[in-house]
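Coordinate-derived values only; no laboratory data. The structure presented is a predicted model; accordingly, all values stated were derived computationally and were not measured.
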Amino acid sequence: MKVFTYTVKDPEGIHALPAGGLIKLAGTFNCSITAQGNGGSVDLKHLFGVMSLGIKCGESITITCDGEDEAGAEAALLRYLQDNL
């Protein structure tokens, strides 16, 4: 299991366009991927779940990858968050 936390820097927080790309990227991996923030926990492969967390600028999201390609998922998702949020 791989776990990392990222603090969102985008002034708009996690909004539809970058969230859609994040979900699309998560869907390319076979492992289970969950996102936690603001007291909630959701499947990162579902847009409405991620949006329901309501993560704003300066708040953190914790991503957990668990399964066969967890290391690759962790690296790719962290890179995506750093580049887009």
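Structural remarks
- Theoretical ellipticity at 222 nm over the chain - DSSP helices of four or more residues, -39500 (n - 2.57) apiece, nearest 500: -11500 deg cm²/dmol
- Potential lengthening between Asp66 and His46 on full extension [0.36 nm per residue; Cα-Cα distance subtracted]: 5.6 nm
- Applying 0.36 nm per residue to the separation of Ala16 and Asn84 and subtracting their alpha-carbon distance, the gain on full extension is 23.3 nm.
- Nearest 10 degrees, 0 to 90: helix 16-26 Cα axis against the chain principal axis: 10
- With semi-axes defined as the square roots of five times the eigenvalues of the C-alpha gyration tensor, the equivalent ellipsoid of the chain measures 19, 12, 12 Å, largest first.
- Prolate/oblate/rounded label for segment 36-85 (Cα gyration tensor, a/c 1.5): oblate
- Extension gain (nm, one decimal) between Ala75 and Asn38, 0.36 nm per residue minus Cα-Cα: 11.0 nm
- Between 0 and 90°, nearest 10: helix 70-84 axis offset from the chain longest Cα axis: 20
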